[in-house]
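Notes for the one structure printed next.
The values are calculated or read from the model by the stated rules, or taken from the named source; none is laboratory data. It should be emphasised that the depicted structure is a prediction, and the values quoted were computed from it without experimental measurement. When we count neighbours, we look across all protein chains shown, and the Cβ atoms used for this are built from the backbone with ideal geometry, even at glycine. When the accessible area is computed, the model is the full protein with side chains, heavy atoms only, and any ligands, DNA or RNA have been set aside. Shrake-Rupley method; radii C 1.70, N 1.55, O 1.52, S 1.80 Å.
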Amino acid sequence: DSSALLHLPAWKLVALACAQKGEAREPSPALKRVMFGRILRSQTARVATATTVAASTAIAAAARCEAAPDKGSVPTFTLGGNRYDQSSFTGRLAHFREMTDPKTLLTTQAELVEAQALLAAYEKGDAKNASDAELWEAKRIVSAIIHPTTGEQMFIGGRMSAFVPANAIPTAGMLLASSPSQIVFWQWINQSVNVMVNYVNRSGASVDWSQVGQAYALAVGVSCSIAVGARKLVENGPPWIKRLGIAVPYVAVVSAGAANVGFTRLPEMQGGVPITAPDGTPLGVSKAAAQSAVINTVLSRNLLLPIAPMLLPPIANGILKSVVPLGFYASAVAEFVFVCCSIYGALPMAIAVFPQEMQIDVGVLEPEFQGLKGKDGKPIAYVLCNKGL
């Protein structure tokens with residue numbers, strides 16, 4: 001009787017099941033239902049507890065990170081410097097955490113103008129009453145919105161602070177796509193977002209729109225061909241090939257993303273990007289520096305970044321569904337949440353692998369940059385170049 005079984009402790013249920021097994025007969029349906037319910041409730045409670053603890057820990061950590069630092073922890077402001085040490089990965093990670101913070105999208109035009117005015121006043125020596133923290137905050141706002149080379153406001157949808165909301169839906173769509181038409185549609189949407197981000201965050205000032213169009217068409221063609229072709233290969237291949245199905249969206253995104261960046265920024269590699277001496281003195285444009293900038297961008301944003309959002313959500317969703325039965329819509333929502341968390345965590349880590357302002361040894365540059373001397377009369381050993389994102 002199920003009502004009687006409900007009041008038995010778990011160990012007695014297991015003992016009863018074993019006893020029934022010993023009598024060479026299957027446990028009764030009532031016993032099976034009660035045991036399954038107990039196990040399901042137990043596992044669900046464990047997942048809920050672990051999720052609560054993780055969420056509490058994350059919230060507490062975020063609160064500590066966002067708490068106002070004491071005066072002694074804020075470095076002295078320098079207009080051409082950075083609040084965090086860019087020679088270390090942790091310093092770059094802290095910097096890009098700020099750059100990719102979606103809350104920056106809520107910055108108003110008045111707040112941007114105020115930040116620009118404060119920095120302009122500092123440059124003239126008229127901001128003596130402003131604290132270092134206020135100056136660093138003004139620089140953070142300007143750096144997240146104004147392009148470092150063109151000096152213009154970047155399109156809001158292509159800023160790095162919009163990367164998580166702009167990429168979450170296409171990424172989830174690619175992972176959930178099942179039919180060829182769905183695969184093609186979401187790969188097209190993803191590459192449309194990519195070409196926008198690549199254009200907005202280019203390192204050079206000029207742009208060839210015909211080149212951008214070619215890059216867009218090539219990236220869409222590559223991503224759709226690889227995604228559909230690889231899916232067919234997985235479906236019709238041997239068992240060991242079918243196990244690689246989870247990696248199909250990742251391979252398509254990486255291949256198309258590399259082609260997208262390469263062709264979108266081809267004008268930079270053909271015409272060069274601006275480089276400066278360590279003291280900020282402009283030295284001209286360099287094609288070798290442009291090639292280094294594009295290669296580093298492909299490695300960080302196209303090869304490393306997709307690992308987490310393209311591979312981890314399916315695994316996490318599979319584990320969740322093994323514990324809690326989910327319908328299609330609940331599974332889609334869970335997948336979307338996992339994607340958002342993965343992108344939010346992986347984006348700053350991936351682009352922090354290389355400094356945004358690269359230091360390039362003059363030995364690998366064109367002959368005209370060899371043997372140059374700085375304002376102090378000493379030979380210039382390296383130049384600075386904006387890598388782009």
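In terms of solvent-accessible area of protein heavy atoms at a 1.4 angstrom probe, what is the ranking of D132, D376, highest value first?
Numbers: D132 55, D376 110 Å².
Ranked from most to least accessible, the order is D376, D132.
Out of every Cα-Cα pair that the range 272-351 contains, those further apart than 21 angstrom amount to 52 percent. Across all C-alpha atoms in the range 98-215, the radius of gyration and Dmax reach 18.2, 62 Å. Peptide packing: for 250-258, 108-116, the average count of neighbouring Cβ atoms within 10 Å per residue gives the ranking 250-258, 108-116, highest mean first. For the range 278-389, the solvent-accessible area of protein heavy atoms averages 49 Å² per residue (probe radius 1.4 Å; ligands and nucleic acids excluded). Put simply, the amide H of S286, placed in the peptide plane, has neighbours under 5 Å in V273, I275, leaving out anything fewer than 5 places away on its chain. Of the solvent-accessible surface of the range 113-200, computed with a 1.4 Å probe and all protein chains present, 58% belongs to carbon and sulfur.
How many percent of the accessible area of the range 247-349 is carbon or sulfur, using a 1.4 Å probe? If you can, show how the numbers build up before the last one.
Numbers: 3190 of 4200 Å².
Looking at the range 247-349 in its full context, I get 76 percent from C and S.
In the structure shown, do any of K128/K375; K103/K139; K139/K378 have a Cα-Cα gap over 21 Å, and if so which?
Values: K128/K375 28 Å; K103/K139 15 Å; K139/K378 31 Å.
Listed pairs above 21 Å: K128/K375; K139/K378.
When the surface is traced with a 1.4 Å probe over the full set of protein chains, V184 keeps roughly 60 Å² accessible. For the range 360-367, backbone phi angles converted through the Karplus equation (6.51, -1.76, 1.60; θ = phi - 60°) give residue-by-residue couplings of 10, 5, 5, x, 9, 8, 5, x Hz, Gly and Pro being listed as x.
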